[in-house]
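Have a look at the structure below before the remarks.
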């Protein structure tokens, strides 16, 4: 997969002690503002060069986990790895005009304080 110039963060939220969400920007992620929240969720574009760079250098995830999140082909799975879970889900593409057999994949890293989800389309 060739990294692209896509926007890295599709959306993100930080959650306080009461579970109230605060929308996050990519600048918030780059500036380390995730640490002020009890939990955070980032939905990234897997094809973004910026997202890939952040995953490898700043996310705190090990190389094996990042490679699994970014690999081109996946199979459904859920596996405990270190202090979290690597999860790949697949389902039919229900978008208008799409071939139902063209499966879409949602890749996830679920750690204690951080959920990262990635899409490729």
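Every number in this text was worked out from the coordinates using simple rules, so none of it is lab data. Just so it is clear, the structure is predicted and the values come from calculations on it, not from any experiment. Every residue, glycine as well, gets a Cβ built from its backbone with ideal geometry; the counts of neighbours run over all protein chains shown.
Brief remarks follow.
- Fluctuation leader among 62, 99, 27 - the chain, Gaussian network, Cα springs under 10 angstrom: 99
- Taking each DSSP H run with n ≥ 4 as -39500 (n - 2.57) and averaging over every residue of the chain yields -4500 deg cm²/dmol at 222 nm.
- Of 94, 44, 69, the residue with the greatest mean-square motion in the GNM of the chain, using alpha carbon springs below 10 Å, is 94.
- Label point distance in nm, residue 102-residue 10, each placed 7 Å from Cα along Cα→Cβ: 1.5
- Going from the residue with the fewest nearby Cβ atoms within 10 Å to the one with the most, 117, 105 rank 105, 117.
- Contact order relative to length of the chain, as percent, for alpha carbon pairs under 8 angstrom and 6 or more apart: 24
- Cβ-derived FRET efficiency at R0 35 Å, residue 90 paired with residue 35, nearest 0.05: 0.60
- Highest-MSF residue in the chain out of 12, 32, 111 [GNM, Cα springs under 10 Å]: 32
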